[in-house]
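In what follows, a structure is listed as structure tokens, so that the remarks can point back to it.
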Amino acid sequence: MNSMNALSRRSFLNLAGAASASIALGTIPTFAAKKLPIGIELYAVRDELQKDLMGTVRAVAKLGYEVVEFYSPYTQWTTEYAKEVRKLLDELKIKCLSTHNSANVFTPENLPKAIELNQIIGSKTLVMASAGRVEGGLDGWKGVAAKLTAAQEKLKPLGMRAGFHNHKTEFMPIDGKRPMDILAANTPKDVTLQFDVGTAVEAGADCIAWIKANPGRIRSLHLKDWTGAAGKPDKGYRVLFGEGDAPWKEIFKAAEAKGGAEYYLMEQEGSRFGSLETAEKCLATYKKMRA
């Protein structure tokens, strides 16, 4: 071994040792080291929620969920009831980081109440759960983008965001263009593109490519699975998290490395088990997958 090779080898070993020490000390970020809160979109337990909201929130917190996402009936709450919900969240040491809202919430007359309720419960993002029926092809989707943009302009000074939650429809091309691409291109980067994975999988979308194409905007994901394959316990959206076709490990890696993911939300349309048992089984699979 000549002196140059010896020096190169020593330099490499020294650098490798320093890098290992840095990783051990946490100064070099690694993918495995990132731990994001795991929550649940309460639509997944809607049958229980409709009977006893407070009891259901207690139940999912007991299962180990750290975040809850309320959906559109919450807009019917009074401010007094919202304060009771916030008291419960604080007691349970869980958070509501976002809410799901119908498209008509994103109007000048309805947005103020939604903002007030979200502020009370601690939510920072008002997500449009669905655009509803969109007429006029791609121009109609540009109109949805304009509505989100207008809401974002009102929310930003309050330290809040608007967001959009996709379904299969938004990933199906119209005249060669997908509505999701129209929404992404015609809204500010501050608008969150909440990624519902299962619906994108059903549409045949490349989940990893979508996340990478929108860096920093995929701040939350709905962990919904889907499969059209035979031989599964159930098909479609009735499969449990981890039983379907979604490439979860690659999705998590892309979401955290590129997408700007801040938290995850389990969502289930229904399964062969009761809703709370489904939530429990999905969370167990998630924790095992992420261990």
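Quick note: the coordinates plus some simple rules give every number you see, no bench work behind them. Computed from a prediction, not measured in an experiment: that's the story for all the values here. Note that we place each Cβ from the backbone using ideal geometry, even for glycine, and neighbour counts take in every protein chain shown.
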- Using the Karplus curve 6.51 cos²θ - 1.76 cosθ + 1.60 with θ = phi - 60°, work out ³J(HN,Hα) for each residue of the stretch 144-152 in order, rounded to whole Hz, and write x for Gly and Pro. 5, 4, 5, 5, 5, 5, 5, 5, 4
- What's the angle, to the nearest 10 degrees (0 to 90), between helix 3-25's Cα axis and the longest principal axis of the chain? 30 degrees
- Of all DSSP beta bridges in the stretch 96-189, antiparallel share, percent nearest 5: 10 percent
- If R0 = 41 Å, then residue 209 and residue 47, at their Cβ-Cβ distance, give a FRET efficiency to the nearest 0.05 of 0.70
- Treat the count of other C-beta atoms within 10 Å as a stand-in for reagent exposure and order 211, 94, 120 from fewest to most. 120, 94, 211
- Item | Net charge of neighbours whose Cβ lies under 14 Å from the Cβ of residue 126, counting Lys and Arg as +1 and Asp and Glu as -1 | +3
- Item | For a label point 7 Å along the Cα-to-beta-carbon line of residue 235, residues of the stretch 175-219 with backbone N under 19 Å | 198-205
- Item | Acute angle (nearest 10 degrees) that the helix 275-290 long axis makes with the longest principal axis of the chain, alpha-carbon atoms | 20 degrees
- Shape of the chain from its Cα gyration tensor (a ≥ b ≥ c, root eigenvalues): rounded if a/c is under 1.5, otherwise prolate when a/b > b/c, or oblate? prolate
- Task: With r as the distance between the Cβ atoms of residue 35 and residue 269 and R0 = 41 Å, compute the FRET efficiency 1/(1 + (r/R0)^6) and round to 0.05.
- Result: 0.90
- Message: If amide hydrogens are placed 1.01 Å from N in the peptide plane, which non-local residues have theirs closer than 5 Å to the one on residue 96?
- Response: 68
- Message: Just want to confirm a number: the relative contact order over the chain, from Cα pairs under 8 angstrom separated by 6+ residues, in percent.
- Response: 17 percent
- Item | residue 172/residue 93 FRET efficiency (R0 45 Å; Cβ-Cβ; nearest 0.05) | 0.65
- Message: Taking the beta-carbon count within 10 Å as an exposure proxy, list 181, 225 from fewest neighbours to most.
- Response: 181, 225
- Message: Based on DSSP loop calls and a cut-off of at most 12 other Cβ atoms within 10 Å, the longest stretch of the chain free of exposed GluC sites (Glu not before Pro) is what?
- Response: 136-291
- With a ≥ b ≥ c the root eigenvalues of the C-alpha gyration tensor of the stretch 55-202, is it rounded (a/c under 1.5), prolate (a/b larger than b/c) or oblate? prolate
- Task: Have a look at 209, 114, 82 and tell me which one the Gaussian network model of the chain (Cα, springs below 10 Å) gives the largest fluctuation.
- Result: 209
- Query: Which far-off residues, 5 or more places away or on another chain, put their amide H under 5 Å from the one on residue 187, with H placed in the peptide plane?
  - Reply: none
